[in-house]
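S.K.: My questions all concern the structure below.
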């Protein structure tokens, strides 16, 4: 994966692995398919989706991603934001 | 029933003894960890906030690396997730929530308040933060943006609140005394107590 620079426009994958079997996911459901902006990389951490099942876990970049809060919920106050930690394999360029 | 006779206590003792017997951890390390957990409380975070309010270099360090800033005040961070600190300003108010479970900056704030893990707080925090905050009496003006920090992964987040007016010349200790746990996750803001 290429990695995302601060300011990069990204989309959270509209993927629902929980419909396919037992999983441990740190990507909130309300953000699946939503557009956001990378604020910065927070480092790299072992993939919790594997750690939770005691599988070998690759170290993945973790990003702080900002989302327009009213756009996510179709309600709210203009300008308010959500700031969420998302692993790289959940992000695609937008 | 005596708690020491409960199944969970027996299981805990067995696991603890096994860990020690296998040399994975020493009983002293376990005792140290229990002591650290017991000592963690919002007063630790409040000391950091008060120092940041009075020492610009410390404030810069705290915003750059919360873990280092905590350690500089003698707060044990070994084994704790990295700590990030987000600053409230005249234009931006941060609110910390964990919609997935209960991630909380325990190393500097101790155990989370009981409602932090409630479905209502988690759901409303991200969807209706202004409505939620108004129920704490925290009215965020329309010209101040709210940034809801959903703590979903490997970091733990605390808020550096704004120093209230009327506290000029106060000592760090006195400043720390007005910083409450809610101020450091953004559900409330510090207020100067009436004189």
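S.K.: Return the pairs, sorted by first residue and then second, in which the second residue is buried (at least 22 other Cβ atoms within 10 Å of the Cβ) and not in a loop (DSSP other than H, G, I, E, B), the first residue lies in segment B:93-111 and is without any contact (Cβ under 8 Å) to a residue 12 or more places away in the chain, the beta carbons are less than 8 Å apart, and the residues are 6+ apart or on different chains.
M.R.: Qualifying pairs under 8 Å: none.
S.K.: Within 11 Å of another protein chain (Cβ to nearest Cβ), in a strand (DSSP E or B) and over 19 Å from residue B:181 (Cα atoms) - does that describe any residue in segment B:135-155?
M.R.: Within segment B:135-155 (the criterion being within 11 Å of another protein chain (Cβ to nearest Cβ), in a strand (DSSP E or B) and over 19 Å from residue B:181 (Cα atoms)), the answer is yes, since at least one residue qualifies.
S.K.: Separate question: Considering segment A:23-46 alone, what residues qualify as being farther than 15 Å from residue A:62 by Cβ and exposed (fewer than 15 other Cβ atoms within 10 Å of the Cβ)?
M.R.: Step one: of segment A:23-46, the residues farther than 15 Å from residue A:62 by Cβ are A:23-24, A:29-30, A:32-35, A:37.
Scanning segment A:23-46 gives A:23, A:24, A:29, A:33.
S.K.: What is the one condition in (1) under 12 Å from the mean Cα position of the chain (by Cα); (2) surrounded by fewer than 23 Cβ atoms within 10 Å (Cβ to Cβ); (3) more than 9 Å from chain A (Cβ to nearest Cβ); (4) at pLDDT 95 or above that residue B:86 does not satisfy?
M.R.: Answer for residue B:86: the failing condition is (3).
S.K.: Moving on. For segment B:1-58, what are the residues that are over 25 Å from residue B:83 (Cα atoms) and either surrounded by 11 or more Cβ atoms within 10 Å (Cβ to Cβ) or in contact (Cβ under 8 Å) with a residue 40 or more places away in the chain (or both)?
M.R.: Of everything in segment B:1-58, those that are over 25 Å from residue B:83 (Cα atoms) and either surrounded by 11 or more Cβ atoms within 10 Å (Cβ to Cβ) or in contact (Cβ under 8 Å) with a residue 40 or more places away in the chain (or both) turn out to be B:6, B:9, B:10, B:12, B:13, B:16, B:17, B:19, B:20, B:26, B:27.
S.K.: Here's something else I'd like to know. Look through segment A:56-78, keep the residues that are assigned to a loop (DSSP other than H, G, I, E, B) and within 21 Å of residue B:185 (Cβ to Cβ), and return whichever of them is farthest from the other protein chains (Cβ to nearest Cβ).
M.R.: A:76
The values are calculated or read from the model by the stated rules, or taken from the named source; none is laboratory data. Just so it is clear, the model here is predicted, and its values are computed rather than measured. Every residue, glycine as well, gets a Cβ built from its backbone with ideal geometry; the counts of neighbours run over all protein chains shown.
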